[in-house]
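For reference, the structure is listed below as structure tokens.
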Amino acid sequence: MSAQPRRRRIEVEEKGDIAVVGFIDKKILDEQNIQVIGEQLSELVDAEKRTKVILNFSNVEYLSSAALGKIIALNSKLKKANGKLVLCNIRADIKEVFTITKLDKLIIIVNSEDDAIAKF
């Protein structure tokens with residue numbers, strides 16, 4: 001089985017010492033893509049030693065429950081590294097999933113990227 005080159009599924013913008021992550025895909029539903037996103041988010045903390053991360057969902061229209069697992073894993077990884085995760089620009093229907101699953105109690109969710117930056 002040959003390893004295919006993995007396309008970047010996230011874009012990282014540096015705002016001082018904060019990594020602002022944007023998602024390339026509008027629909028985060030495919031298991032393989034979610035796996036790649038999880039790996040790329042983990043690399044931010046493990047390889048790049050980032051401890052301040054914002055996930056900006058402005059481009060995301062759909063998000064599967066499997067993707068929520070990757071976000072929870074990232075949050076745990078950041079907490080172990082004495083870091084922080086903040087989510088922003090989440091559509092109302094996706095935000096509702098965070099509320100139903102009580103993830104809004106576990107992870108900081110704000111409206112805008114500026115609000116997210118202010119949380120650090």
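Any read-out appearing in this document is the output of simple, stated calculations on the displayed coordinates, not a laboratory observation. If you're wondering where the values come from, they're calculated on a predicted model, not measured in any experiment. Glycine also receives a Cβ, built like all others from the backbone with ideal geometry; neighbour counts cover every protein chain displayed.
Taking trypsin sites (Lys or Arg not before Pro) across the stretch 17-54, the ones in a DSSP loop with at most 16 further Cβ atoms lying within 10 angstrom of their Cβ are LYS26, LYS49.
Between LYS105 and GLN35, how high is the FRET efficiency from 1/(1 + (r/R0)^6) when r is the Cβ-Cβ distance and R₀ = 22 Å? Nearest 0.05. Let's see the in-between values first.
Values: r = 26 Å, r/R0 = 1.20.
Working from the Cβ atoms, E equals 0.25.
Around the amide H of LEU55, modelled in the peptide plane, lie the amide H atoms of VAL21, VAL86, LEU87, CYS88, all under 5 Å away and 5 or more residues distant in sequence or on another chain. Protection proxy ranking, highest mean first, for peptides 82-92, 96-106: 82-92, 96-106, where packing is the per-residue count of other beta-carbon atoms within 10 Å, averaged. Subtracting the Cα-Cα distance of GLU11 and ASP114 from their residue separation scaled by 0.36 nm leaves 35.3 nm.
Which whole-number percentage describes the relative contact order of the stretch 1-102, with Cα contacts under 8 Å and a sequence gap of 6 or more?
Numbers: 143 pairs, mean separation 28.1, N = 102.
Result for the stretch 1-102 is 28 percent.
Largest first, the three principal axis extents of the alpha carbons in the chain are 44, 31, 23 Å in whole numbers.
At a Förster radius of 25 Å, what calculated FRET efficiency corresponds to the Cβ-Cβ distance of LYS27 and GLU96, to the nearest 0.05?
Numbers: r = 17 Å, r/R0 = 0.68.
Between LYS27 and GLU96 the formula returns 0.90.
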